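Worksheet: one structure, shown below.
The values are calculated or read from the model by the stated rules, or taken from the named source; none is laboratory data. These numbers were taken from a predicted model, which means no experiment stands behind them. We place every Cβ from the backbone using ideal geometry, glycine too, and count neighbours over all the protein chains shown.
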Amino acid sequence: MSARDVDSDRRAANHRQTIAVNTTKPTSTGHHGSNGHAAPTTKTKTTMTANMDSNFDANCSRTHSRPHSRSSHVHSLSHSALNGHAKSPSNGIPHHLAYTYANGEAKDAYSPSHARADGGNSSSDSAHESRAPRDFSLQCIHRPWSETKEKAVCAPYDYLSSLPGKDIRSQLIGAFNVYLQVPEESLATIKHVVAMLHNASLLVDDVEDNSVLRRGYPVAHSLFGVAQTINSANYIYFRAMHEITKLGNPECVNAFTEELINLHRGQGMDLFWRDTLTCPSEDDYLEMVSNKTGGLFRLAIKLMQAESASKVDYLDLVNLMGLIFQIRDDYMNLQSEQYAKNKGFAEDLTEGKFSFPIIHSIRANPTNLQIINILKQQTQDNGVKQYAVDYMRDQTKSFSYTESVLRDLHEQADRLLACFGDNPALAAILEKLKIDAS
């Protein structure tokens, strides 16, 4: 037994002794004698001691079970708070989250107007628990998508679409329609879908390439943030897919998914080479370009051929045009003053990108590691970039080599075009894709 328990027992014994002495005195009861005066009676020491023992034991019991008493007290306070201070729809709970009763009245679960009035007996509890289950309003789910929300989601895409561009893909569709004669409604859908995919892919490209300018203006993610820009681009991909399904042509759906896969394969390899500082072979590079850049060119013509009565296959010509477009773009990125104005000087060096002239320069002199190390640094120093451009031009003759490859591709495209018949619009596009075109 602890000292504290011994002390408690000693105080209890002393208290019982004091009470016993006091209770030997007579006390008045409620009974009267024959003379009308109260008859004195005496409570015995045994009776009073027993009562005090009972009270003391009860007090000890309450002392040793204090945690239970505190819990009961908290429960009592919580119960009072719920019944006396409950929120109602008017003080914070929306109507569509309130309980709905059989009479159609919406009330909060703990509304004071429905508090128990019988002190909490079982019949009242039963009535309280038998109310109707919570009925959530689904009106917000079935609301039509608003124009305001559409603008918010599409803001990065709309911004980039508003910037002036070459619009080469729309021109290409119009030129090939000289051959294919696609119905007007289908042609409009195809033009729209290809434009959507092109601009959406540019949003992602600019993020993945850490670009600063697009068409001479700040890139979308510098204005709207990376997360919103990526979401907007992905949203447009699926919007484009939705437009394709409206054509009701399974061949169009297959072409769409096939070329979107190719596009991401090409972009994936481009990023892999950059991030691992792996210089690809020329053939690997041409395959990547055919997937990444040629994919959208090919998709446009595949969709047109699927909607056309013509059975002529123009994909070889389209593939050549895709290669010409990208290799020329690589060349101009390092050589054109207009490109420097629109995208920044020699941006491919800053991005660490293995473009066509850069690949040639590295492979032309594998022992010289200057170019690959400049790519590794992803420098923004124009002096360093100018040094690399001069080296490629004067030492490895990479720009001259690129020019010769472009000439060969143009000659091959011209021969194919001649086989398909006269098409001034298509010939004009090929002319614009020459490196000496203004």
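Here is a check on your reading of the model: is Phe354 within 22 Å of Asp390 (Cβ to Cβ), assigned to a loop (DSSP other than H, G, I, E, B) and modelled with pLDDT under 95?
On the way: within 22 Å of Asp390 (Cβ to Cβ): yes; assigned to a loop (DSSP other than H, G, I, E, B): yes; modelled with pLDDT under 95: no.
Here the answer is no, as Phe354 does not meet what is asked.
Each row is one residue, and each column tells you yes or no for (1) in a helix (DSSP H, G or I); (2) under 24 Å from the mean Cα position of the chain (by Cα); (3) on the phi > 0 side of the Ramachandran plot; (4) without any contact (Cβ under 8 Å) to a residue 40 or more places away in the chain.
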{"residue": "Thr229", "(1), (2), (3), (4)": "yes, yes, no, no"}
{"residue": "His242", "(1), (2), (3), (4)": "yes, yes, no, yes"}
{"residue": "Gly248", "(1), (2), (3), (4)": "no, no, yes, yes"}
{"residue": "Leu263", "(1), (2), (3), (4)": "yes, yes, no, no"}
{"residue": "Leu271", "(1), (2), (3), (4)": "yes, yes, no, no"}
{"residue": "Glu287", "(1), (2), (3), (4)": "yes, no, no, yes"}
All conditions in (1) polar (S, T, N, Q); (2) over 23 Å from Tyr217 (Cα atoms); (3) in contact (Cβ under 8 Å) with a residue 12 or more places away in the chain are true of Asn373 except (3)
Looking at segment 385-433, which of its residues are under 22 Å from Val318 (Cα atoms), free of Cβ contacts under 8 Å to residues at least 60 places away in the same chain and part of a loop (DSSP other than H, G, I, E, B)?
Asp422
Taking segment 190-239 on its own, how many of its residues are surrounded by fewer than 19 Cβ atoms within 10 Å (Cβ to Cβ), of a type in the set (Gly, Ala, Ser) and farther than 25 Å from Leu349 by Cβ?
2
Sole exception among (1) surrounded by 16 or more Cβ atoms within 10 Å (Cβ to Cβ); (2) over 20 Å from the mean Cα position of the chain (by Cα) for Glu185, by number:
(1)
Checked against (1) farther than 30 Å from Leu187 by Cβ; (2) more than 24 Å from the chain's Cα centre (by Cα); (3) loosely packed, with under 14 Cβ neighbours inside 10 Å, Asn254 satisfies every condition except (1)
For the structure I just gave you, tell me whether Leu369 is surrounded by 23 or more Cβ atoms within 10 Å (Cβ to Cβ), at pLDDT 95 or above and either aromatic (Phe, Trp, Tyr) or more than 23 Å from Ala200 (Cα to Cα) (or both).
no
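Of everything in segment 193-227, what is of a type in the set (D, E, K, R) and not in a strand (DSSP E or B)? Give them in sequence order. Break it down stepwise before answering.
If we filter segment 193-227 for residues that are of a type in the set (D, E, K, R), which is where we start, we get 205-206, 208-209, 214-215.
Asp205, Asp206, Glu208, Asp209, Arg215 - these are the residues of segment 193-227 that are of a type in the set (D, E, K, R) and not in a strand (DSSP E or B).
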If you go through segment 300-333, how many residues are touching a residue at least 60 places away in the same chain (Cβ under 8 Å) and in a loop (DSSP other than H, G, I, E, B)?
5
